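The block underneath contains the structure these notes are about, expressed in structure tokens.
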Amino acid sequence: MENITDRDNALFEAGIKLGALYHQFTGSPISLRTADSLERAIQDSISVQPFVKSIRVSIDRSMVRSKLNSEFGYCELEGRMLDVRITVSYNSVLADVRLAYDAGLNYPLMKIEKVYSSEN
């Protein structure tokens, strides 16, 4: 039986945060006027979860603008509009992960950017 490491747990927690964020907030109504407050709401919601050291959320205003309904002035938040960076801290391990639109894949991709020790 293999031991589960702090690195394993940090990456698991990071993946949970990105997946929860994506599925909780995509589909939310958004306009150019409400983008700032939705970014803050996402950050505030995810930041209270265990092991989150930091989070930064950015919503691409140009994508929002291109999707706005001309009659009502809003659209739905899509995964491709999000650029999210989260650092998870599990014991002495830090994991930096990101959700960002990959134009080449035409897909909002979640990935590990860096795993390192907080003792360094």
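The values are calculated or read from the model by the stated rules, or taken from the named source; none is laboratory data. All values reported here derive from a predicted model rather than from experimental measurement. Heads up, the Cβs are rebuilt from the backbone with ideal geometry, glycines too, and the neighbour counts pull from every protein chain shown. Note: accessible area is taken over every heavy atom of the protein model, side chains too, but ligands, DNA and RNA are not part of it. Shrake-Rupley method; radii C 1.70, N 1.55, O 1.52, S 1.80 Å.
Brief remarks on what is shown
- Residue 62 open to solvent by 80 Å² or more (accessible area, probe 1.4 Å) and free of Cβ contacts under 8 Å to residues at least 24 places away in the same chain: no
- Positions within the range 29-54 being open to solvent by less than 40 Å² (accessible area, probe 1.4 Å), small (Gly, Ala, Ser) and within 20 Å of residue 98 (Cβ to Cβ), in sequence order: 35, 45
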